[in-house]
Structure formats: structure tokens, C-alpha cells
């Protein structure tokens with residue numbers, strides 16, 4: 001991958017540990033950072049974000065090679081591995097910081113996100129209405145080191161087994177042709 005092919009994507013769909021683990025497994029996805037975006041203070045610490053005091057979402061920012069994986073595929077993975085119909089909630093994680101939101105980096109990403117939502121709604125893929133927000137990407141703050149690469153570092157952790165592993169099973173089932181080889 002040459003530097004001119006690098007594209008960015010930023011997604012918030014609940015806990016960033018889950019989101020990071022899912023996207024790490026896709027061909028064409030390179031660097032992934034867990035962090036925070038969409039809030040109102042600079043350099044928010046994890047503790048303040050999870051207490052809902054900053055307006056930030058737990059999110060990931062990744063780089064990808066669009067010749068290997070296109071943005072549309074990333075969006076399908078995004079919508080397939082979380083519940084985009086619950087406002088400010090993913091499973092047991094409740095609060096604005098766990099919202100479903102796509103942070104676009106250019107107008108093409110914005111239009112694709114809008115069209116995928118329209119398609120999923122028209123096809124009635126979900127029983128309830130999609131509440132995923134689409135917002136312009138803003139400053140992304142890296143989470144502390146202990147939050148990076150969490151699933152790979154703590155695979156046996158109970159949270160990883162109960163919450164993240166089912167998302168990875170969905171990924172393997174629906175996107176097996178897009179996965180990196182081990």
C-alpha cells in the first residue's frame with residue numbers, strides 16, 4: 001500500500017474494544033486506534049468519557065487501503081456487528097458515549113453512509129429504525145495504552161468472551177472472504 005492510497009475511517013458503535021477487534025480482522029485495514037471523538041473538551045480521559053461527562057463517543061479510527069477493502073464494505077461490517085437501532089446504548093453499555101455514529105472524512109463517505117442507511121431501512125434489515133448519526137469527523141483523541149489492542153491482549157477476559165466473541169462470530173459468518181489469514 002502506498003501512502004497515496006491510505007484512507008481514514010472513524011466509527012463509534014459501542015465499546016471501542018469490540019469495534020477494534022472486529023475491524024482488525026479485515027483485509028486492507030491497517031492501523032486502528034481506540035479513542036474518543038465528537039465531544040466538547042480537549043484530551044478527554046477515559047474515566048470522564050465513560051461517566052458521560054464529555055459528550056465524546058468511544059470510537060475507533062483506522063486506516064485502510066481502498067484497493068483491498070472499500071468503504072462500503074466497512075459500512076456493512078459496521079452495521080452487521082452492532083445494533084444501530086438503540087439510542088445511546090449497546091448491550092449493557094448505556095450512555096451517549098456508546099452511541100452509534102459514523103464520522104465521515106469526505107463527502108463520498110457521507111453519501112455512502114446515507115445510502116447504506118437508506119438501503120438497510122428500505123430492506124427492513126432491522127425491526128426498528130436505525131438511529132446511527134452521521135457527522136463530520138473532528139479531532140480524534142487516542143485512548144490510553146491499556147485500551148489499545150484490548151481483545152488480542154486479553155482474549156480470555158470474561159468481557160472479551162461474552163461480548164466481543166459473538167461479534168467476531170458474526171464477522172466470520174458474514175464476511176469470511178474479507179478476513180485476514182491468521
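The values are calculated or read from the model by the stated rules, or taken from the named source; none is laboratory data. Please read these numbers as outputs of a predicted model, since none were measured by experiment. Note that we place each Cβ from the backbone using ideal geometry, even for glycine, and neighbour counts take in every protein chain shown.
The condition (being over 20 Å from residue 26 (Cβ atoms), out of contact with any strand residue (DSSP E or B) (no Cβ under 8 Å at 6 or more places or on another chain) and modelled with pLDDT of 95 or more) is satisfied by just one residue among 128, 70: 128.
Based on what the data block shows, is residue 97 at pLDDT below 95, in contact with a strand residue (DSSP E or B) (Cβ under 8 Å, 6 or more places away or on another chain) and crowded, with 16+ Cβ neighbours inside 10 Å? Spell out the reasoning first.
On the way: at pLDDT below 95: yes; in contact with a strand residue (DSSP E or B) (Cβ under 8 Å, 6 or more places away or on another chain): yes; crowded, with 16+ Cβ neighbours inside 10 Å: yes.
Yes; evaluated as a whole, the condition is true for this residue.
Candidates are the residues of the range 152-166 that are under 20 Å from residue 83 (Cα atoms) and touching a residue at least 40 places away in the same chain (Cβ under 8 Å); the one that is surrounded by the most Cβ atoms within 10 Å (Cβ to Cβ) is 164. One residue stands out in the range 25-57 among those that are in a helix (DSSP H, G or I) and touching a helix residue (DSSP H, G or I) at 6+ places or on another chain (Cβ under 7 Å): the one that is surrounded by the most Cβ atoms within 10 Å (Cβ to Cβ), namely 49. Restricting attention to the range 145-182, and to residues there that are touching a strand residue (DSSP E or B) at 6+ places or on another chain (Cβ under 8 Å) and part of a helix (DSSP H, G or I), which single residue is nearest to residue 34 (Cα to Cα)? Among them, the one singled out is 147. Consider the range 102-139 and keep the residues that are in a strand (DSSP E or B) and crowded, with 19+ Cβ neighbours inside 10 Å. The one that is nearest to the chain's Cα centre (by Cα) is 102.
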